[in-house]
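Visitor: First the structure, then my questions, so here it is.
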Amino acid sequence: MSNGVVIYRGPSEIDGAPILAVKTGFKTASSNPKLGHHLLQTWILREDMSPTEAVATGADSSICGTCALRGVAHDRRVKNRKCYVPTYYAPYSIWKCYRHITEVPVNQIRGLFAGRGVRLGAYGDPAAISPAIWQEVTAEAAFWTGYTHQWKTCNPIFAQWCMASCENLDDRQLAKELGYRTFRITEVDARSDRQHQEVVCPASSEMGHRTTCDQCRTCSGISNNVKVDVVITMHGKFTRQAKPKDTAS
């Protein structure tokens, strides 16, 4: 975590719970080969409990909101979790270390990302953090990628930075009416499910990983003037997030 910096610590925009956002360098481990190797990462976490604890108890709603891929937590068991991020790897390691890394004031944030590509929310939904933080993150960044499941309720400014994450065609239509470009997942092959004005993610396995996110740069909300939306076959290992059980105590 020598490359880690806390860029936000405060209440969640979703429910007011204590959360934090940590910036790391592009070498932070990722199990997602589509990203490439040159994106700075931002991780959104509960401050008061580990990511694994948050998932097991449903407290991850503070950072993931109503995302349908979270699954349903009951009695420390999570059913139907389809999130591709294994919280016991990078998110857990970052949470364990955040107390020992620098926290920077808002007026120093943009310099950390100047001229660099950045992934808004390698874990966690960007809409959990105040738009003022993302304005600083993106102010001088070379490019960014971002996705939000909170597009129905969050500040409309997020359409500038984020794709609306959608799981069905009805949500895609509604998101477009609200001014978003969309990133839709489908449980069938995206190549056969592609709709009008959608492209299949070129960094996906179904497209043979023709490129990577840091090269493609399509998923930047409406700020990049790209008109098409993106569809991808649901991906990732749908792993149980039960251990370790560390808490902040």
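The values are calculated or read from the model by the stated rules, or taken from the named source; none is laboratory data. Because the structure is predicted, anything quoted here is derived from the model rather than measured. Methodologically, a virtual Cβ is constructed for each residue, glycine included, from the backbone with ideal geometry; neighbour enumeration extends over all protein chains shown.
Visitor: Can you report the number of residues in region 92-148 which are more than 16 Å from TRP161 (Cα to Cα), in contact (Cβ under 8 Å) with a residue 40 or more places away in the chain and of a type in the set (Lys, Arg)?
Guide: 1
Visitor: Among the residues that make up region 39-53, is at least one of them crowded, with 16+ Cβ neighbours inside 10 Å, assigned to a helix (DSSP H, G or I), modelled with pLDDT of 90 or more and hydrophobic (A, V, I, L, M, F, W, C)?
Guide: No, there is no match, as no residue in region 39-53 is crowded, with 16+ Cβ neighbours inside 10 Å, assigned to a helix (DSSP H, G or I), modelled with pLDDT of 90 or more and hydrophobic (A, V, I, L, M, F, W, C).
Visitor: Output the number of the condition that PRO91 fails; it satisfies all remaining conditions of (1) in a helix (DSSP H, G or I); (2) surrounded by fewer than 17 Cβ atoms within 10 Å (Cβ to Cβ); (3) not polar (S, T, N, Q).
Guide: (2)
Visitor: Read through the list (1) part of a helix (DSSP H, G or I); (2) charged (D, E, K, R); (3) touching a helix residue (DSSP H, G or I) at 6+ places or on another chain (Cβ under 9 Å), then give the number of the only condition that LYS82 fails.
Guide: The number of the failed condition is (1).
Visitor: Continuing with this model, one more query. Across region 149-176, which residue is nearest to the chain's Cα centre (by Cα) among those that are buried (at least 24 other Cβ atoms within 10 Å of the Cβ) and without any contact (Cβ under 8 Å) to a residue 60 or more places away in the chain?
Guide: Filtering region 149-176 for residues that are buried (at least 24 other Cβ atoms within 10 Å of the Cβ) and without any contact (Cβ under 8 Å) to a residue 60 or more places away in the chain, the one nearest to the chain's Cα centre (by Cα) comes out as CYS162.
Visitor: For region 122-141, enumerate the residues that are touching a Lys or Arg at 6+ places or on another chain (Cβ under 8 Å), part of a helix (DSSP H, G or I) and surrounded by fewer than 24 Cβ atoms within 10 Å (Cβ to Cβ).
Guide: GLU136, ALA139
Visitor: Quick check on region 226-235. Is at least one of its residues in contact with a helix residue (DSSP H, G or I) (Cβ under 7 Å, 6 or more places away or on another chain) and modelled with pLDDT under 90?
Guide: The answer is yes; a qualifying residue exists.
Visitor: Are any residues in region 55-76 surrounded by fewer than 18 Cβ atoms within 10 Å (Cβ to Cβ) and either free of Cβ contacts under 8 Å to residues at least 24 places away in the same chain or touching a Leu at 6+ places or on another chain (Cβ under 8 Å) (or both), and if so, which ones?
Guide: The answer is THR57, GLY58, VAL72, HIS74, ASP75.
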